[in-house]
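Participant: Below you will find the structure I want to go over with you.
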Amino acid sequence: MTGFGNFSFFYVTNDYSLTRVLQMLWRLNFLVFFLCMTHGNSYILYYICPLHTYFFLMVYVVMAIGKEKNYTKWWLRMKLGVCALIINLLWDTDTGIFEFVHRLFLSDEPVTGATMGTAWEWYFRSFLDHWSTLLGMVFALNFPIVSLFYRKLEARSRHRQWMGKTAMAAGMIFALCLWARGPLMYSKIPYNSTNPYFGFIPLLSYIYLRNLTPRMRSYSMELLHEIGKTTLETYLMQHHIWLTSNSKTILVFVPGWPRVNLTLVTFIYVFLSRKLQKLTLLLRGMLLPDDNSTCINSMVGLAVTIAGFYCTAFLVEGVAVTNLLTVGMVSMVSGGLLYQTVLDSSWSAYLKSVKEIKLKELTDEYGDDQSEMQEYSAELDEKNESIYTKSCPPLIGAMVLCVLGFTWNGFAFAGASAVGPLPPRCDAFVNDGLWIPIDGCDESSRGMAYRDFGVASYGTCAPHGNSYVWAWREQLARTHCRFSHRSEGKLKQSLNRRETVFIGDSMTRYVYHASVRAMGINESGDYDATGPKHADISNTLWGTTPFNFKWAPLAVDQLRILKDINRNAEGSDFRPPDLILLGGGAWDRLHVYATDEDRQSHAATLRELGREMQKAQMEYGAAVVWFIPTTINSQALNTEEKRDHMREEDMEAMRAVYARNGILSSSSFVIDGPAFTSSRVVESYDGVHYPIRVYDAGAQILFNALDWLLPPAIVEPATPPRVGKMANPNLGLMMLILVLIGLVGFDGFLGFSYLASLFVKGVMPRDLYVEAFSALHKKLGIAGPSRGPSPGPMPEPSGEDQPRVRSRKKKAATSANTKKSPRNRNVDEEIAALLT
């Protein structure tokens, strides 16, 4: 549509003025410009806008070069052929030309919206559609012939007409089937590489079949027309309204009712998109009228205003007074100055236009009664010059600004923020969850869980139901504690090239296995009676990340291993672990807690262990986590010794001992084992251990805590793919041939129309040129094409022909029943008015 719409506009209006270019650039970039400034996003994040801008400029340059010869038979076709050759060289040959042309504006530095750098992102995005604009231009150039082709066919007998239409439809459907059985079946990456070369097939097939009969062409859906007018705004607003956080999260107004929330958010999304579209056009009409000097003055004034506000913002930030009161006062003062400047520069013109409108209405009502008109004119002047008229708008604006400021301030302090790492205050809530019997992968069941259980996020997922999933209770939005299941990809971002060691008993080992499973080794922790139980385990994840378990069932064993780690860390050639997780207490209660001497020795060991934990944190920068033993199922304990010494009440007392001796306070973070096991205690098959999936909750609690336990990972810059790697010379040559067929064969359907001429005489597209363009050129008020073999160049209308051209355009606009001024119409309406 970029190629078709803009080509058609330039062809029928012959308007290549600076004003037109600025108006189009405003339409495409006004909203995205302010989104980039207010959100700090890169332009490439909203890649549709740079794509439309880039290819609009391509259409403009092609049409503007030698524009005085655009109405000859071959000049435009020659220019489009050269354009096709340039496109082929830029995107379909891996010669480095694309990078050479664009490197000045692009780089390999990762930015928001382009993690591989803007060079690769722009190459990838532009490659996907690099033939689309040119194909639209070819279709637009041949559109009068396509229209006449349909009418010529339908002027034949029904039998002949349908023979021709069926032949053409058969060819297009055959191509459509080949596309559906071939490229459409590819996976995402291979399909991306073929889309520029085959994506036109379903589009042309739809255009032909949709317009197959006059009756079908007489109907259209107004809804699609209305949606189409705001596609730019709906695309941009999906990043911030329909979705949020640059399309990473969902905006929630009605938690627990996902379909109701979707309906509400969609209504707001569509409503605001339509309002923004109207605002864009309104401001374009105000600031960029059909006058070059006014347009330039407006753009200079806008640039100066934005630069002034930027300098003011830097000044306020530089003196560290970015509070609500200061920002509000600066905004109101700056807004008042801006309002007064606009008022001073436009008030007289505004009064003149209002007076003309009112006096015209008065003339229609009273005729030529001059006394009545003079009296009313004086009243109008007095009213418009009043203090009330001039001061009311800024006062209302200041009030609105205050309301919005306090509202946004309330949102900032009491509402959720952009998605990011969890803050340390979430330590108090991360263990607060429960197991609920739902399918945590389904939105409807998630809504039910919110309403029935008050949970907001999920750590596990049971895709087939009939199982329990771990979920966190909802926290106040201002805490910013949005816990979530951490996937392998997320964990790799947090733990890659960092060493983790688990030290403890079998309960700790089960959490270790759950953690390893979450990071891609699904068989970790599977039941195996043949393997050693009391042994160390080593894993290297992703080839870069040591992830180990040290068997240490007693406090003295844990102390010994932690001392060794701290002692080795004193050497310059040893790197201490980044994360240390310890857990224990059950074996101590069972084996070394019988006498007072045992208990005193155990307490001393715990105090020393606490000191070593603090040393690991303070001196070596490790995050040290303590895992509290899980709930004991006393009735399921399978030995007399355990029933005597390891009942749940015994373990509860042991947990208190660890707390009194400073283990919990010496930890960076504590995983509360009973928090995720007490409600499932009946599932403990031996009184101590649980089904392996229960420990997934403990692993997810740990993974969420990594957001504040570990410093942000140093993300190694990814090596972007080589620009030019998607080039396909063979398919590019195919497209070049098809474009030439469309140009030389005068066929918007790229040769398919000639299938109809096999059965119907007189409908070959190349024979319809003179008849089709004679009618169009007559409507445009220019000389029609010559019927000779080599028509001479047709100069641009000038001199005495200009009034006739303007009259012709005016009649065309009137026939389209449009009441908008030219500067407020969109491209589609302008083209429709001129082609009607």
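The values are calculated or read from the model by the stated rules, or taken from the named source; none is laboratory data. A quick note: this is a predicted structure, and the numbers were derived from the prediction, not measured. Methodologically, a virtual Cβ is constructed for each residue, glycine included, from the backbone with ideal geometry; neighbour enumeration extends over all protein chains shown. Each accessible area value is taken on the protein alone, full model and side chains, heavy atoms only, with ligands, DNA and RNA left out. Shrake-Rupley method; radii C 1.70, N 1.55, O 1.52, S 1.80 Å.
Participant: Based only on Cα atoms, what mean projected area does the convex hull of the range 651-725 have, in nm²?
Facilitator: Averaged projected hull area, Cα only: 8.9 nm².
Participant: Turning to a different aspect of this structure: Using a cut-off of 15 Å between beta-carbons, work out the net charge of the residues near Ala653 (Lys and Arg +1, Asp and Glu -1, Ala653 not included).
Facilitator: The answer is -3.
Participant: May I ask you to rank Ser193, Ser753 by accessible area, largest first, using a 1.4 Å probe over the protein chains only?
Facilitator: Result of the area sort, largest leading: Ser193, Ser753.
Participant: Between Ala604 and Lys490, what FRET efficiency follows from the Cβ-Cβ distance if R0 is 60 Å, with the result rounded to 0.05?
Facilitator: The pair Ala604/Lys490 has a calculated efficiency of 0.90.
Participant: Given a 1.4 Å probe and every protein chain left where it sits, what share in percent of the accessible area of the range 37-103 is carbon and sulfur?
Facilitator: 72
Participant: Still on this structure, I have one more. Please give, to one decimal in nm, the separation of the simple spin-label points placed at Val300 and Val61, each 7 Å out from Cα toward the Cβ.
Facilitator: Result for the modelled spin labels: 2.8 nm.
Participant: Towards the positive end of the charge dipole of the range 108-200, with charges on Cβ (+1 Lys, Arg; -1 Asp, Glu), say which of Pro183, Ala140, Pro110 has the farthest Cα.
Facilitator: Comparing the listed Cα positions along the dipole, Ala140 ranks first.
Participant: What FRET efficiency would be calculated for the residue pair Ala477, Glu361, taking the C-beta separation as r and a Förster radius of 51 Å, to the nearest 0.05?
Facilitator: Efficiency, from the Cβ-Cβ distance: 0.45.
Participant: Ok, one more. Under 15 Å from the Cβ of Tyr685, count the other residues' Cβ atoms, weight Lys and Arg +1, Asp and Glu -1, and hand me the total.
Facilitator: Here the count lands on +1.
Participant: By how many nm would the segment from Leu733 to Tyr206 lengthen if fully extended, with 0.36 nm per residue of separation less the alpha-carbon distance?
Facilitator: Answer, rounded to one decimal: 187.3 nm.
Participant: What is the magnitude of the charge dipole of the range 588-699 about its Cα centre, with +1 placed on the Cβ of each Lys and Arg, -1 on the Cβ of each Asp and Glu, and no other charges, expressed in debye to the nearest 20?
Facilitator: In total the dipole reaches around 340 debye.
Participant: Additional query: So, in Å, what gap is there between the alpha-carbon centers of the range 308-345 and the range 516-584?
Facilitator: Measuring centre to centre over Cα atoms gives 57 Å.
Participant: Given just the C-alpha atoms of the chain, how large is their convex hull per residue in cubic angstrom?
Facilitator: Per-residue hull volume (Cα only) is 246 Å³.
Participant: Say the dipole of the range 239-347 comes from +1 at the beta carbon of Lys and Arg and -1 at that of Asp and Glu; which of Leu243, Pro258, Met329 then lies farthest toward its positive end?
Facilitator: Pro258
Participant: Here's a follow-up. By how many nm would the segment from Arg259 to Ala718 lengthen if fully extended, with 0.36 nm per residue of separation less the alpha-carbon distance?
Facilitator: Answer, rounded to one decimal: 161.4 nm.
Participant: Taking the Cβ of Tyr123 as the centre, find all other residues whose Cβ is under 14 Å away and add up their charges (Lys, Arg: +1; Asp, Glu: -1).
Facilitator: -2
Participant: Mind putting a number on the dipole of the range 1-90 about its Cα centre? Charges go on the C-beta only, +1 for Lys and Arg and -1 for Asp and Glu, and I need it in Debye to the nearest 20.
Facilitator: Result for the range 1-90 is approximately 280 debye, rounded to the nearest 20.
Participant: Pop a pseudo-label 7 angstrom from the Cα along the beta-carbon direction at both Leu18 and Met221 and give the gap in nm to one decimal.
Facilitator: Label-label distance for Leu18 and Met221, simple model: 4.4 nm.
Participant: Please name which of Gly748, Ala659, Pro711 has its Cα lying farthest along the dipole of the range 631-754 towards the positive end, using unit charges on Cβ (Lys, Arg +1; Asp, Glu -1) and the Cα centre as origin.
Facilitator: Of the options given, the answer is Gly748.
Participant: Taking the Cβ-Cβ separation of Val342 and Lys275 as r and a Förster radius of 30 Å, what is the calculated FRET efficiency to the nearest 0.05?
Facilitator: The calculated FRET efficiency here is 0.90.
Participant: Give the distance, in whole Å, between the Cα centre of the range 698-715 and the Cα centre of the range 83-149.
Facilitator: Using only Cα atoms, the two centres lie 41 Å from each other.
Participant: Mind checking the per residue accessible area of the range 466-521 for me, 1.4 Å probe, whole number of Å²?
Facilitator: Here the per-residue accessible area is 40 Å².
Participant: Right, next: Please give the charge dipole size of the chain, origin at the Cα centre, charges +1 on K and R Cβ atoms and -1 on D and E Cβ atoms. Round to the nearest 20 debye.
Facilitator: Computed charge dipole of the chain: roughly 3980 debye.
Participant: Is the shape of the range 234-347 rounded, prolate or oblate, going by the alpha carbon gyration tensor and its root eigenvalues a ≥ b ≥ c, with a/c under 1.5 for rounded and a/b larger than b/c for prolate?
Facilitator: Oblate shape, in that a/c is at least 1.5 and b/c is the bigger or equal ratio.
Participant: Rounded to the nearest 500 deg cm²/dmol, what is the calculated helix-only ellipticity per residue at 222 nm for the chain, with -39500 (n - 2.57) per DSSP H run of length n ≥ 4?
Facilitator: Calculated mean residue ellipticity at 222 nm is -19000 deg cm²/dmol.
Participant: Further question: Using the Cα gyration tensor of the range 597-669, with a ≥ b ≥ c the square roots of its eigenvalues, what is the shape: rounded (a/c below 1.5), prolate (a/b larger than b/c) or oblate (neither)?
Facilitator: It is prolate, given that a/c is not under 1.5 and a/b is the larger ratio.
Participant: Quick check for you: with a 1.4 Å probe and neighbouring chains kept, what is the accessible area per residue of the range 638-774, in Å²?
Facilitator: Ligands and nucleic acids excluded, the figure is 44 Å² per residue.
Participant: In addition: Find the accessible area per residue for the range 110-261; the probe is 1.4 Å, ligands and nucleic acids are left out, and the unit is Å².
Facilitator: Accessible area per residue, the range 110-261: 51 Å².
Participant: Just to be sure I follow the definition: excluding the sites themselves, where is the longest run in the chain that has none of the trypsin sites (Lys or Arg not before Pro) in a DSSP loop with at most 16 other Cβ atoms within 10 Å?
Facilitator: 249-496
Participant: Could you work out how far the C-alpha centroid of the range 249-268 sits from that of the range 159-181, in angstrom?
Facilitator: After rounding, the separation between the Cα centres reads 44 Å.
Participant: While we're looking at this one, here's another question. log10 I(q)/I(0), Debye, Cα-only the range 1-131, no solvent, q = 0.12, 0.14 Å⁻¹?
Facilitator: Summing over Cα pairs of the range 1-131 leads to -0.55, -0.73.
Participant: Still on this structure, please answer the following. Starting from the 7 Å offset along Cα-to-Cβ, what nm value, one decimal, do you get for the label separation of Asn192 and Thr231?
Facilitator: According to this spin-label approximation, the distance is 2.1 nm.
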